[in-house]
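Written out below as C-alpha coordinates is the structure these notes cover.
The values are calculated or read from the model by the stated rules, or taken from the named source; none is laboratory data. The shown structure was predicted, so the numbers you read here are calculated from the model rather than taken from an experiment. All Cβ positions, even for glycine, are placed from backbone atoms using ideal geometry, and neighbour counts span all protein chains on display.
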Amino acid sequence: MNILVTGGAGYIGSHTCVALLEAGHTVVVADNLGNSKAETIDKIKQITNKEITFYQIDVTDEPAVERVFFSHDVDGVIHFAGFKAVGESVEKPLAYYYNNIVGTMILAKACQKYGVHRFVFSSSATVYGENEVPFVETMQLLPTTNPYGETKSMSERILTDAARANPAFSVALLRYFNPVGAHESGLIGEAPSGIPNNLMPYVTQVAKGKLEQLRVFGNDYPTVDGTGVRDYIHVMDLAEGHVVALNNLTEGVHIYNLGTGQGTSVLQLVKAFEEANGVKVPYEIVGRRPGDIAECYADASKAKRELGWTAKRDVIAMCRDAWRFEKGYK
Ligand code: WQD
(Lines give C-alpha, C1' and ligand atoms only; values in the text may rest on other atoms or scores of the structure.)
Protein backbone atom coordinates (compact mmCIF):
# COMPACT_ATOMS: atom_id res chain seq x y z
CA MET A 1 0.00 0.00 0.00
CA ASN A 2 0.98 3.66 -0.49
CA ILE A 3 1.16 5.18 2.99
CA LEU A 4 1.32 8.84 3.98
CA VAL A 5 3.44 9.13 7.14
CA THR A 6 3.17 12.49 8.88
CA GLY A 7 6.15 13.23 11.11
CA GLY A 8 8.06 10.56 9.18
CA ALA A 9 11.42 12.32 9.71
CA GLY A 10 10.95 12.13 13.48
CA TYR A 11 12.09 9.51 15.97
CA ILE A 12 9.20 7.01 15.87
CA GLY A 13 8.11 8.08 12.38
CA SER A 14 11.48 7.36 10.76
CA HIS A 15 11.71 3.91 12.33
CA THR A 16 8.16 3.17 11.18
CA CYS A 17 9.08 4.26 7.63
CA VAL A 18 11.91 1.70 7.69
CA ALA A 19 9.49 -1.02 8.84
CA LEU A 20 6.88 -0.02 6.22
CA LEU A 21 9.39 -0.04 3.34
CA GLU A 22 10.86 -3.36 4.47
CA ALA A 23 7.32 -4.78 4.55
CA GLY A 24 6.86 -3.81 0.87
CA HIS A 25 4.80 -0.63 1.27
CA THR A 26 5.60 2.63 -0.50
CA VAL A 27 5.91 5.75 1.66
CA VAL A 28 5.20 9.46 1.33
CA VAL A 29 6.49 11.58 4.24
CA ALA A 30 5.05 14.93 5.31
CA ASP A 31 7.14 16.60 7.99
CA ASN A 32 7.74 20.29 8.85
CA LEU A 33 11.20 19.43 10.30
CA GLY A 34 10.27 21.33 13.47
CA ASN A 35 11.77 18.58 15.62
CA SER A 36 13.62 16.49 13.01
CA LYS A 37 16.15 16.73 10.18
CA ALA A 38 15.87 16.22 6.41
CA GLU A 39 18.99 14.01 6.51
CA THR A 40 16.92 11.39 8.33
CA ILE A 41 15.03 10.80 5.06
CA ASP A 42 18.35 9.95 3.38
CA LYS A 43 19.22 7.62 6.28
CA ILE A 44 15.90 5.77 5.76
CA LYS A 45 16.79 5.33 2.08
CA GLN A 46 20.29 4.15 3.05
CA ILE A 47 18.94 1.56 5.51
CA THR A 48 16.25 0.18 3.19
CA ASN A 49 17.74 0.86 -0.24
CA LYS A 50 14.25 2.02 -1.19
CA GLU A 51 12.93 5.31 -2.54
CA ILE A 52 10.74 7.59 -0.41
CA THR A 53 8.84 10.77 -1.29
CA PHE A 54 9.28 13.70 1.10
CA TYR A 55 7.31 16.95 1.50
CA GLN A 56 8.43 19.57 3.98
CA ILE A 57 4.98 20.74 5.02
CA ASP A 58 3.05 21.42 8.18
CA VAL A 59 -0.03 19.28 8.73
CA THR A 60 -1.95 22.38 9.85
CA ASP A 61 -1.39 23.87 6.37
CA GLU A 62 -4.59 22.54 4.79
CA PRO A 63 -3.83 23.51 1.14
CA ALA A 64 -0.42 21.84 1.42
CA VAL A 65 -1.97 18.68 2.86
CA GLU A 66 -4.60 18.69 0.09
CA ARG A 67 -1.86 18.92 -2.55
CA VAL A 68 -0.23 15.77 -1.18
CA PHE A 69 -3.51 13.83 -1.27
CA PHE A 70 -4.27 15.20 -4.75
CA SER A 71 -0.81 14.23 -6.05
CA HIS A 72 -0.62 10.74 -4.56
CA ASP A 73 -3.01 7.80 -4.49
CA VAL A 74 -2.84 7.37 -0.70
CA ASP A 75 -4.10 4.03 0.69
CA GLY A 76 -3.60 4.89 4.34
CA VAL A 77 -2.25 7.47 6.78
CA ILE A 78 -0.04 7.00 9.83
CA HIS A 79 -0.18 10.24 11.78
CA PHE A 80 2.81 10.98 14.04
CA ALA A 81 3.25 14.71 13.47
CA GLY A 82 2.57 16.67 16.64
CA PHE A 83 4.09 18.39 19.62
CA LYS A 84 4.93 15.86 22.34
CA ALA A 85 6.68 17.44 25.32
CA VAL A 86 4.48 17.12 28.39
CA GLY A 87 6.14 19.94 30.33
CA GLU A 88 6.15 22.29 27.34
CA SER A 89 2.44 21.63 26.81
CA VAL A 90 1.72 23.06 30.27
CA GLU A 91 3.59 26.26 29.30
CA LYS A 92 2.12 26.51 25.75
CA PRO A 93 -1.37 24.94 25.83
CA LEU A 94 -2.83 26.88 22.89
CA ALA A 95 0.06 25.90 20.60
CA TYR A 96 -0.42 22.26 21.60
CA TYR A 97 -4.20 22.22 21.18
CA TYR A 98 -4.00 24.03 17.85
CA ASN A 99 -1.16 22.02 16.35
CA ASN A 100 -2.17 18.57 17.55
CA ILE A 101 -5.96 18.85 17.16
CA VAL A 102 -6.15 20.88 13.95
CA GLY A 103 -3.50 18.69 12.34
CA THR A 104 -5.50 15.55 13.09
CA MET A 105 -8.73 17.12 11.83
CA ILE A 106 -7.20 18.33 8.56
CA LEU A 107 -5.82 14.87 7.86
CA ALA A 108 -9.10 13.13 8.71
CA LYS A 109 -11.01 15.57 6.47
CA ALA A 110 -8.59 14.96 3.60
CA CYS A 111 -9.02 11.21 4.06
CA GLN A 112 -12.77 11.55 3.74
CA LYS A 113 -12.47 13.88 0.72
CA TYR A 114 -10.05 11.61 -1.15
CA GLY A 115 -11.56 8.29 -0.10
CA VAL A 116 -8.67 7.14 2.12
CA HIS A 117 -10.07 4.48 4.44
CA ARG A 118 -7.17 3.63 6.78
CA PHE A 119 -5.96 5.91 9.56
CA VAL A 120 -3.41 4.87 12.19
CA PHE A 121 -3.02 7.39 15.00
CA SER A 122 -0.01 7.85 17.26
CA SER A 123 -1.60 8.00 20.70
CA SER A 124 -0.05 7.64 24.15
CA ALA A 125 -0.44 5.83 27.46
CA THR A 126 -0.76 9.31 28.89
CA VAL A 127 -4.47 9.17 28.02
CA TYR A 128 -5.05 6.65 30.83
CA GLY A 129 -4.41 9.34 33.42
CA GLU A 130 -4.57 8.17 37.02
CA ASN A 131 -5.99 4.70 36.25
CA GLU A 132 -4.53 1.69 38.06
CA VAL A 133 -1.71 -0.17 36.29
CA PRO A 134 -1.50 -2.27 34.18
CA PHE A 135 -3.40 -0.07 31.73
CA VAL A 136 -6.04 -1.87 29.64
CA GLU A 137 -7.66 -0.56 26.44
CA THR A 138 -11.18 -0.96 27.87
CA MET A 139 -10.50 1.42 30.76
CA GLN A 140 -12.44 4.65 31.08
CA LEU A 141 -9.96 7.40 30.20
CA LEU A 142 -9.31 9.81 33.07
CA PRO A 143 -8.15 13.42 32.78
CA THR A 144 -4.42 13.66 32.20
CA THR A 145 -2.17 16.10 34.06
CA ASN A 146 -1.28 18.07 30.93
CA PRO A 147 -2.53 19.58 27.65
CA TYR A 148 -0.37 17.16 25.65
CA GLY A 149 -2.29 14.21 27.07
CA GLU A 150 -5.58 15.98 26.49
CA THR A 151 -4.72 16.53 22.81
CA LYS A 152 -4.23 12.78 22.47
CA SER A 153 -7.54 11.98 24.18
CA MET A 154 -9.37 14.57 22.07
CA SER A 155 -7.81 13.35 18.85
CA GLU A 156 -8.87 9.80 19.73
CA ARG A 157 -12.43 11.06 20.24
CA ILE A 158 -12.47 13.02 16.97
CA LEU A 159 -11.26 10.01 14.99
CA THR A 160 -13.71 7.70 16.79
CA ASP A 161 -16.67 9.94 15.94
CA ALA A 162 -15.48 10.30 12.34
CA ALA A 163 -15.34 6.50 12.02
CA ARG A 164 -18.80 6.11 13.55
CA ALA A 165 -20.23 8.58 11.01
CA ASN A 166 -18.42 6.93 8.10
CA PRO A 167 -18.10 3.14 8.52
CA ALA A 168 -15.68 2.92 5.60
CA PHE A 169 -13.20 5.00 7.64
CA SER A 170 -11.16 2.49 9.66
CA VAL A 171 -9.09 3.76 12.55
CA ALA A 172 -6.37 2.27 14.75
CA LEU A 173 -5.52 4.16 17.95
CA LEU A 174 -2.08 3.00 19.10
CA ARG A 175 -1.21 3.92 22.70
CA TYR A 176 2.54 3.99 23.16
CA PHE A 177 4.30 3.47 26.42
CA ASN A 178 7.95 4.61 26.58
CA PRO A 179 9.71 4.26 23.22
CA VAL A 180 13.51 3.98 23.51
CA GLY A 181 16.45 2.60 21.54
CA ALA A 182 17.37 2.94 17.88
CA HIS A 183 17.63 1.02 14.64
CA GLU A 184 20.46 -1.54 14.85
CA SER A 185 22.38 0.29 12.08
CA GLY A 186 22.91 3.25 14.40
CA LEU A 187 21.95 5.54 11.51
CA ILE A 188 18.65 6.75 13.00
CA GLY A 189 17.61 7.19 16.61
CA GLU A 190 16.37 9.60 19.24
CA ALA A 191 18.11 12.96 18.83
CA PRO A 192 16.20 15.52 20.88
CA SER A 193 17.20 19.16 20.37
CA GLY A 194 18.54 20.78 23.54
CA ILE A 195 18.61 19.12 26.95
CA PRO A 196 16.63 15.84 26.75
CA ASN A 197 13.39 15.65 28.72
CA ASN A 198 13.21 11.86 28.48
CA LEU A 199 15.29 9.41 30.50
CA MET A 200 17.09 7.34 27.85
CA PRO A 201 18.54 10.18 25.74
CA TYR A 202 19.64 11.85 28.98
CA VAL A 203 21.38 8.64 30.06
CA THR A 204 23.15 8.23 26.70
CA GLN A 205 24.38 11.85 26.81
CA VAL A 206 25.70 11.39 30.37
CA ALA A 207 27.48 8.18 29.30
CA LYS A 208 29.00 10.11 26.38
CA GLY A 209 30.10 12.98 28.64
CA LYS A 210 27.84 15.57 27.00
CA LEU A 211 25.98 15.93 30.33
CA GLU A 212 27.59 15.68 33.75
CA GLN A 213 25.24 13.34 35.63
CA LEU A 214 21.71 12.03 35.60
CA ARG A 215 19.19 13.56 38.00
CA VAL A 216 16.89 10.81 39.23
CA PHE A 217 13.53 12.47 39.83
CA GLY A 218 12.58 11.02 43.20
CA ASN A 219 13.24 7.74 44.99
CA ASP A 220 10.27 7.90 47.36
CA TYR A 221 7.62 6.42 45.07
CA PRO A 222 5.78 3.25 46.15
CA THR A 223 7.77 1.14 43.67
CA VAL A 224 10.36 -1.65 43.72
CA ASP A 225 13.22 0.73 44.56
CA GLY A 226 11.40 4.04 45.03
CA THR A 227 12.14 5.36 41.53
CA GLY A 228 9.62 5.75 38.70
CA VAL A 229 8.59 2.59 36.85
CA ARG A 230 7.81 2.69 33.11
CA ASP A 231 7.11 0.25 30.27
CA TYR A 232 10.06 0.84 27.94
CA ILE A 233 9.54 -0.51 24.43
CA HIS A 234 12.15 -0.73 21.66
CA VAL A 235 11.32 1.76 18.92
CA MET A 236 11.66 -0.95 16.25
CA ASP A 237 9.11 -3.12 18.08
CA LEU A 238 6.85 -0.08 18.13
CA ALA A 239 7.45 0.51 14.40
CA GLU A 240 6.65 -3.10 13.55
CA GLY A 241 3.48 -2.83 15.64
CA HIS A 242 2.30 -0.03 13.33
CA VAL A 243 2.82 -2.15 10.22
CA VAL A 244 0.88 -5.06 11.75
CA ALA A 245 -1.95 -2.75 12.85
CA LEU A 246 -2.12 -1.20 9.36
CA ASN A 247 -2.05 -4.53 7.56
CA ASN A 248 -4.84 -5.91 9.77
CA LEU A 249 -7.02 -2.81 9.88
CA THR A 250 -10.70 -3.55 9.41
CA GLU A 251 -13.78 -1.34 9.65
CA GLY A 252 -14.38 0.54 12.87
CA VAL A 253 -12.08 1.80 15.63
CA HIS A 254 -9.39 -0.46 17.08
CA ILE A 255 -7.42 0.52 20.18
CA TYR A 256 -4.14 -1.18 21.10
CA ASN A 257 -1.52 -0.73 23.78
CA LEU A 258 1.94 -0.96 22.27
CA GLY A 259 4.05 -1.86 25.28
CA THR A 260 5.94 -4.85 26.65
CA GLY A 261 3.78 -5.30 29.75
CA GLN A 262 6.97 -5.12 31.86
CA GLY A 263 7.80 -2.27 34.24
CA THR A 264 11.41 -1.08 34.70
CA SER A 265 12.50 1.48 37.30
CA VAL A 266 14.87 4.36 36.61
CA LEU A 267 17.66 2.73 38.63
CA GLN A 268 17.04 -0.65 36.97
CA LEU A 269 17.36 1.01 33.55
CA VAL A 270 20.58 2.79 34.57
CA LYS A 271 22.04 -0.51 35.84
CA ALA A 272 21.02 -2.32 32.64
CA PHE A 273 22.57 0.43 30.52
CA GLU A 274 25.87 0.28 32.42
CA GLU A 275 26.04 -3.52 32.20
CA ALA A 276 24.98 -3.68 28.54
CA ASN A 277 27.54 -1.11 27.41
CA GLY A 278 30.35 -1.29 29.96
CA VAL A 279 30.01 2.40 30.83
CA LYS A 280 29.25 4.34 33.99
CA VAL A 281 26.25 6.63 34.37
CA PRO A 282 26.77 8.87 37.41
CA TYR A 283 23.55 10.06 39.00
CA GLU A 284 22.12 11.94 41.95
CA ILE A 285 18.71 11.55 43.54
CA VAL A 286 16.73 14.81 43.41
CA GLY A 287 13.09 15.73 44.06
CA ARG A 288 10.14 14.35 42.12
CA ARG A 289 9.32 15.94 38.73
CA PRO A 290 5.88 17.64 38.80
CA GLY A 291 3.26 15.64 36.90
CA ASP A 292 5.12 12.30 37.08
CA ILE A 293 3.22 9.21 38.17
CA ALA A 294 4.82 6.34 40.11
CA GLU A 295 4.12 3.51 37.67
CA CYS A 296 3.02 3.22 34.04
CA TYR A 297 2.99 -0.10 32.21
CA ALA A 298 0.74 -1.90 29.76
CA ASP A 299 -1.50 -4.88 29.67
CA ALA A 300 -0.20 -5.83 26.21
CA SER A 301 -2.43 -8.88 25.72
CA LYS A 302 -4.93 -7.40 23.24
CA ALA A 303 -2.36 -6.66 20.53
CA LYS A 304 -1.00 -10.17 20.95
CA ARG A 305 -4.46 -11.75 20.85
CA GLU A 306 -5.85 -9.76 17.92
CA LEU A 307 -2.77 -8.83 15.89
CA GLY A 308 -0.34 -11.57 16.84
CA TRP A 309 2.10 -8.77 17.82
CA THR A 310 4.33 -8.70 20.87
CA ALA A 311 7.50 -6.74 21.62
CA LYS A 312 10.52 -8.95 20.91
CA ARG A 313 13.50 -6.82 22.02
CA ASP A 314 14.51 -6.66 25.71
CA VAL A 315 15.87 -3.81 27.84
CA ILE A 316 19.47 -4.83 27.12
CA ALA A 317 18.85 -4.49 23.37
CA MET A 318 17.20 -1.11 23.96
CA CYS A 319 20.26 0.07 25.90
CA ARG A 320 22.77 -1.32 23.38
CA ASP A 321 20.97 0.21 20.37
CA ALA A 322 20.48 3.57 22.07
CA TRP A 323 24.17 3.71 22.96
CA ARG A 324 25.32 2.72 19.44
CA PHE A 325 23.28 5.60 17.96
CA GLU A 326 24.53 8.13 20.55
CA LYS A 327 28.16 7.18 19.95
CA GLY A 328 27.78 7.73 16.23
CA TYR A 329 25.69 10.88 16.50
CA LYS A 330 27.43 14.14 15.65
C1 WQD B 1 10.69 8.20 32.51
C2 WQD B 1 11.08 8.03 33.97
C3 WQD B 1 11.01 10.08 35.22
C4 WQD B 1 14.29 12.02 33.01
C5 WQD B 1 7.00 10.79 28.57
C6 WQD B 1 5.70 11.39 28.17
C7 WQD B 1 4.87 10.35 27.48
C8 WQD B 1 5.64 9.74 26.35
C9 WQD B 1 6.96 9.17 26.83
C10 WQD B 1 4.95 10.82 24.32
C11 WQD B 1 10.20 8.83 34.92
C12 WQD B 1 12.44 9.55 35.13
C13 WQD B 1 13.33 11.11 33.45
C14 WQD B 1 15.36 12.36 33.87
C15 WQD B 1 14.48 10.88 35.54
N16 WQD B 1 5.84 10.70 25.35
N17 WQD B 1 13.44 10.55 34.69
N18 WQD B 1 15.42 11.78 35.11
O19 WQD B 1 7.57 10.98 31.59
O20 WQD B 1 7.31 8.43 31.50
O21 WQD B 1 6.74 9.78 29.52
O22 WQD B 1 7.66 10.25 27.47
O23 WQD B 1 4.02 10.12 24.07
O24 WQD B 1 3.71 10.99 26.99
O25 WQD B 1 5.04 11.80 29.34
O26 WQD B 1 9.12 9.55 30.17
O27 WQD B 1 11.54 9.44 29.90
O28 WQD B 1 10.52 11.60 30.74
O29 WQD B 1 10.59 9.60 32.25
O30 WQD B 1 14.55 10.37 36.68
O31 WQD B 1 16.26 13.19 33.55
O32 WQD B 1 12.41 8.54 34.17
O33 WQD B 1 10.75 10.61 36.51
O34 WQD B 1 10.04 8.07 36.11
P35 WQD B 1 7.66 9.70 30.82
P36 WQD B 1 10.50 10.11 30.72
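Side notes on the structure shown:
- Residues within region 114-131 that are part of a loop (DSSP other than H, G, I, E, B) and at pLDDT 95 or above, tallied: 4
- When the residues of region 98-122 are filtered to those that are without any contact (Cβ under 8 Å) to a residue 60 or more places away in the chain and within 16 Å of the ligand (Cβ to nearest atom), the one that is farthest from ILE255 (Cα to Cα) is ASN99.
- Being under 19 Å from TYR256 (Cβ atoms), touching a residue at least 24 places away in the same chain (Cβ under 8 Å) and within 15 Å of the ligand (Cβ to nearest atom) is not true of THR151.
- Within this structure, THR60 fails the test of being within 15 Å of the ligand (Cβ to nearest atom), in contact with a Gly (Cβ under 6 Å, 6 or more places away or on another chain) and not small (Gly, Ala, Ser).
- Unique match (being surrounded by fewer than 17 Cβ atoms within 10 Å (Cβ to Cβ) and not hydrophobic (A, V, I, L, M, F, W, C)) among THR138, THR144, THR126: THR138
- Residue within region 219-230 that is surrounded by fewer than 24 Cβ atoms within 10 Å (Cβ to Cβ) and more than 19 Å from ARG289 (Cα to Cα) present: no
- All told, THR144 meets the bar of being modelled with pLDDT under 95 and either in contact with a strand residue (DSSP E or B) (Cβ under 9 Å, 6 or more places away or on another chain) or on the phi < 0 side of the Ramachandran plot (or both).
- Looking across region 150-172, not a single residue is under 19 Å from the mean Cα position of the chain (by Cα) and at pLDDT below 95.
- Conditions (1) within 16 Å of the ligand (Cβ to nearest atom); (2) on the phi < 0 side of the Ramachandran plot; (3) small (Gly, Ala, Ser); number of the one not met by SER71: (1)
- Residue in region 47-60 that is assigned to a helix (DSSP H, G or I) and without any contact (Cβ under 8 Å) to a residue 60 or more places away in the chain present: yes
- Residues of region 147-167 that turn out to be surrounded by 14 or more Cβ atoms within 10 Å (Cβ to Cβ) and either touching a Leu at 6+ places or on another chain (Cβ under 9 Å) or of a type in the set (D, E, K, R) (or both), as a count: 8
- Hey, LYS312 away from the ligand (no atom under 11 Å from the Cβ), surrounded by fewer than 17 Cβ atoms within 10 Å (Cβ to Cβ) and part of a loop (DSSP other than H, G, I, E, B) or not: yes
- One residue stands out among those in region 193-211 that are within 12 Å of the ligand (Cβ to nearest atom) and touching a residue at least 60 places away in the same chain (Cβ under 8 Å): the one that is surrounded by the fewest Cβ atoms within 10 Å (Cβ to Cβ), which is ASN197.
- The residues listed here are ILE57, ILE78, ILE47; of these, the one that is closer than 19 Å to VAL171 by Cα and either surrounded by 16 or more Cβ atoms within 10 Å (Cβ to Cβ) or within 22 Å of the chain's Cα centre (by Cα) (or both) is ILE78.
- Hits in region 225-274 (condition: touching a residue at least 60 places away in the same chain (Cβ under 8 Å) and on the phi > 0 side of the Ramachandran plot): GLY252, GLY261
- Hits in region 248-277 - residues which are within 13 Å of the ligand (Cβ to nearest atom) and farther than 20 Å from SER301 by Cβ: SER265, VAL266, LEU267, GLN268, LEU269, VAL270, PHE273
- Residues satisfying the stated conditions in region 1-16, i.e. under 13 Å from the mean Cα position of the chain (by Cα) and of a type outside the set (A, V, I, L, M): THR6, GLY7, GLY8, GLY10, TYR11, GLY13, SER14, HIS15, THR16
- Across region 154-191, the number of residues qualifying as in a loop (DSSP other than H, G, I, E, B), touching a residue at least 60 places away in the same chain (Cβ under 8 Å) and not aromatic (Phe, Trp, Tyr) comes to 13.
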